[in-house]
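The structure appears below as structure tokens.
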Amino acid sequence: MEKPKVVLGVSGGIAAYKACELLRRLTESGHDVRVVPTESALHFVGAATWSALSGHPVSTEVWSDVHEVPHVRIGQQADLVVVAPATADMLAKAAHGLADDLLTNTLLTARCPVVFAPAMHTEMWEHPATQENVATLRRRGAVVIEPAVGRLTGVDTGKGRLPEPAEIFEICRRVLARGVTEPDLAGRHVVISAGGTREPLDPVRFLGNRSSGKQGYALARTAAARGARVTLIAANTALPDPAGVDVVPVGTAVQLREAVLKAASEADAVVMAAAVADFRPATYAAGKIKKKDDQEPEPIVLIRNPDILAEISTDRPRPGQVVVGFAAETDDVLANGRTKLERKGCDLLVVNEVGERKTFGSEENEAVVLGADGSETPVPYGPKEALAETVWDLVTRRLR
Ligand SMILES: Cc1cc2nc3c(=O)[nH]c(=O)nc-3n(C[C@H](O)[C@H](O)[C@H](O)COP(=O)(O)O)c2cc1C
């Protein structure tokens, strides 16, 4: 089978060196990658590096190998074009259709999905000119990944950092797998909760659960690759931030409720994948609870936590919003799922059976997605991303 053809465009930002790792990940996972840097990019990483790592010649302009018409062919033959880092200048040129070097020509001739990973100082990113260029590119079907917040060139910090190459690679993989040039969640804002809440007993102990957050993170990654603006409310996870996703860390069920309600007021869809504790200790001991040799331990008294899924399902923070819940069951899975769906009032409920190699902590899952309309969509055992894609398929149908 022919390897998928990827064009890696690199423009002249300080993060150009990170594109070497993206290139490595793409080639090692079986992609044929042609690197097209700009003249400015070569000030940061030389042509020899791109050429040696990709196994292809490297040119910045349209006047080399003219007999092969590279200014047209490279774009025409590509299955995916990813520009990382994308400078403010490159976004402007792409939005306005300029074609004064090989990369801008390639962007005009490509008919495959296009991903931009912008990186620049916060002021450049927030400038209305850049924001309008980004909006134009998104309207035309490009996936423009939101930059991360963090250390920028020099001592500055803020929004504008290139997301981690491993996470940009994940977006590329998802976009290539879908192969569509019109991301169906473009212009949509989705809120996802992930992980498991921890309910403190004292400063060193808590009641928790075994959720790793992997399913919620898979939902966030796939939604970003489908063009959505994503807010991920993450409860006690230890996973890297997905590219282009706004991550809000929380600890307890009460904190998770507050964060979800705040973000959900302007969301098109809310997916509650987090394992939220039903109960919390009635009291919190300010000092560590001590073991006393001559006494039995005090019983732990529990009180109910708020039912966030039921609350947002019955009183939608935004009209027309789609609400999705998750249920992990150990027996009578479908019957319990159907009862839970009715009790909560959500639109979709993903029901999975807790078991070996699936659900908590695993990379795989198997589930049935129940719809309030009576539908049942089985998702066979496979990567959590596949379940995430099915959830978004069902959500987009309900958003239309
Ligand atoms: C040290 C240095 C770092 C730069 N980093 C960035 C950056 O991260 N993002 C950006 O948009 N521009 C950055 N620039 C400015 C671009 O290099 C400049 O706009 C250039 O014209 C971009 O050309 P290109 O888009 O054709 O690659 C930087 C410039 C210098 C000198």
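Counting other Cβ atoms within 10 Å of each Cβ, which trypsin sites (Lys or Arg not before Pro) in segment 106-161 have at most 10 and sit in a DSSP loop? Loop-located and lightly packed - 111. Dipole of segment 189-399 computed with +1 at Lys/Arg Cβ and -1 at Asp/Glu Cβ about the Cα centre; of 330, 354, 219, farthest Cα towards the positive end is 219. Rounded to the nearest 5, the antiparallel percentage of DSSP beta bridges internal to segment 96-232 is 55%.
Projecting the Cα positions of 51, 36, 26 onto the charge dipole of segment 1-73 (unit charges on Cβ atoms of Lys, Arg, Asp and Glu, taken about the Cα centre) puts 26 furthest along the positive direction.
Compared with the dominant principal axis of the Cα atoms in the chain, helix 165-178 is inclined by about 90°. DSSP beta bridges confined to segment 5-178 are antiparallel in about 20 percent of cases. Under the combined filter of DSSP loop state and at most 14 neighbouring Cβ atoms within 10 Å, segment 34-101 retains these GluC sites (Glu not before Pro): 39, 61.
Using +1 on the beta carbon of Lys and Arg, -1 on that of Asp and Glu, and nothing else charged, what's the dipole of the chain about the Cα centre, debye to 20? Intermediate results must be reported in sequence, preceding the final value.
Values: 46 positive and 52 negative charges, 60 e Å.
That gives the chain a dipole magnitude of about 280 debye.
Put a dot 7 Å past the Cα of residue 302, heading toward its Cβ, do the same for residue 258, and the two dots end up 2.4 nm apart.
Using a simple spin-label model with pseudo-atoms 7 Å out from Cα toward Cβ, residue 139 and residue 151 lie 3.9 nm apart. Converting phi to 3J(HN,Hα) with the Karplus coefficients 6.51, -1.76 and 1.60 and the offset θ = phi - 60°, segment 115-127 yields 10, 10, 10, x, 8, 5, 5, 3, 4, 5, 5, 7, 4 Hz in sequence order, with x at every glycine or proline. About its Cα centre, the dipole of segment 189-399 is roughly 500 debye, where the only charges are +1 on Lys and Arg Cβ and -1 on Asp and Glu Cβ.
Seen against the Cα atoms of the chain and their longest principal axis, helix 18-28 is set at about 90 degrees. Computed extension gain for residue 92 through residue 288, at 0.36 nm per residue and net of the alpha carbon distance, reaches 64.8 nm.
Give me the extension gain from residue 28 to residue 397: residue separation times 0.36 nm, minus the current Cα-Cα distance, reported in nm with one decimal.
129.3 nm
What is the dipole size for segment 84-192, taken about its Cα centre, with +1 at each Lys and Arg Cβ and -1 at each Asp and Glu Cβ, in debye to the nearest 20? Spell out each step's value before the answer.
Details: 12 positive and 13 negative charges, 79 e Å.
Roughly 380 debye for segment 84-192.
Highest GNM mean-square fluctuation among 127, 189, 31, for the chain modelled with Cα contacts below 10 Å: 127.
Cα axis of helix 214-225 to longest principal axis of the chain: angle in degrees, 0 to 90, nearest 10? That works out to roughly 30 degrees.
Straight-line reach from residue 159: taking Cα to Cα under 22 Å and skipping same-chain neighbours fewer than 8 places apart, the lysines in range are 18, 93, 262. Shown here for segment 313-392: GluC sites (Glu not before Pro) in loop regions (DSSP other than H, G, I, E, B) with at most 12 other Cβ atoms within 10 Å, namely 356. Comparing 228, 220, 47 in a Gaussian network model of the chain where C-alpha atoms under 10 Å apart are linked, the largest mean-square fluctuation is found at 47.
Between the residues 267, 155, 168, the greatest Cα displacement towards the positive end of the dipole of the chain, with unit charges on the Cβ of Lys, Arg, Asp and Glu, is found for 267. The label point for residue 315 and the one for residue 204, both projected 7 Å from the Cα toward the Cβ, are 4.0 nm apart. Across 375, 212, 313, mean-square fluctuation computed from a Gaussian network of the chain (C-alpha pairs under 10 Å connected) peaks at 375.
Taking the DSSP beta bridges in the chain as the whole, what percent of them are antiparallel, to the nearest 5? List each step's numbers first, then the result.
On the way: 22 of 66 bridges.
Roughly 35 percent of the beta bridges in the chain run antiparallel, per DSSP.
No lab work stands behind these numbers, since they all come straight from the coordinates. Just so you know, these numbers come straight off a predicted model, no measurement behind them. All Cβ positions, glycine included, derive from the backbone under ideal geometry; neighbour counts span all protein chains shown.
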